[in-house]
């Protein structure tokens, strides 16, 4: 009895069906990954905008201070200009009289008396002494405004920064410049900056990490305290420690401090994304971030970034979620 041959058509149909299923699931996975990346980008943008909004009033105040005394100094210089014009006009008249041989000496004496009166009235000695200082203060004010605007511009363009060698100490100074209005009424800032090599990184993203931690430190201080920033080069890493002597973090909250949307602040006072974003930025640089705290004593964040972060640093920050303990 002949054995019937098995048809291969059924197997081919099944293989084709499986290939279609794999292709569909691959496409679905790619779409999910794109959606996840879009959500991550929106979360980062939300946190950045919240940070900028929080700092906007403070930065405006910081800019208004130097602008205010520049305006005051220019008004002073305007007054000086008027006084000096009066005096120089009298001197020009004196020059005309001296050159005119026919003028009686009494006319010259009278004009010299007028000049002496003007000099006493405008306090020429004080004007000559104050002018350089007024100009110097105004120039310093302009430099302060330029610096604040440049730092704010760099922070606002967080997504546009490049992977490049950077000075972490310089980044901390730039960040302090931006958040100064948040800190100066709450804390004395003590810098203990060590000599650091440059780190290959995304500088503006690390600056956002420093900003989030510094603002949290200021908010943790009830009245007046101290924020200490120390930097060191240790074991092929740059280590940044930011400490405050504020109210501290409760032990039960420490395990969740880096979770997205977790916050110990009052409703409307925080997004709950700041430390989660900070954690993931540091992780994306192959670094680490740790926190120690004692209620009533203060909190210390320790950030470690490899000096050579390698070429596998993430171009985008990993999506927040399940951060702590990973």
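The values are calculated or read from the model by the stated rules, or taken from the named source; none is laboratory data. Keep in mind it's a predicted model, so treat the numbers as computed, not measured. Every residue, glycine as well, gets a Cβ built from its backbone with ideal geometry; the counts of neighbours run over all protein chains shown.
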Got a sec? Which of 118, 135 is at pLDDT 80 or above, over 30 Å from residue 282 (Cα atoms) and out of contact with any helix residue (DSSP H, G or I) (no Cβ under 7 Å at 6 or more places or on another chain)?
135
Name the residue, out of 247, 205, 200, 256, that is over 23 Å from residue 297 (Cβ atoms), touching a residue at least 40 places away in the same chain (Cβ under 8 Å) and over 17 Å from the mean Cα position of the chain (by Cα).
200
Residue pairs, Cβ under 7 Å, 6 or more apart or interchain, first in segment 277-300 and under 20 Å from residue 247 (Cβ atoms) and not assigned by TED's automatic domain parsing to the domain that holds residue 256, second in a helix (DSSP H, G or I) and modelled with pLDDT of 95 or more. List them.
none
Do any strands (runs of 3 or more DSSP E) lying entirely in segment 186-248 carry at least 2 residues that are buried (at least 22 other Cβ atoms within 10 Å of the Cβ) and not assigned by TED's automatic domain parsing to the domain that holds residue 166, and which ones are they?
none
Can you tell me which of 83, 113 is farther than 30 Å from residue 181 by Cβ, within 49 Å of the chain's Cα centre (by Cα), in a helix (DSSP H, G or I) and at pLDDT 70 or above?
83
Residue 231 fails exactly one of (1) at positive phi; (2) in contact with a strand residue (DSSP E or B) (Cβ under 7 Å, 6 or more places away or on another chain), namely (1)
Test residue 150 against the stated conditions and say whether it is farther than 30 Å from residue 281 by Cα, in the same structural domain as residue 73 (by TED's automatic domain parsing) and free of Cβ contacts under 8 Å to residues at least 60 places away in the same chain.
no
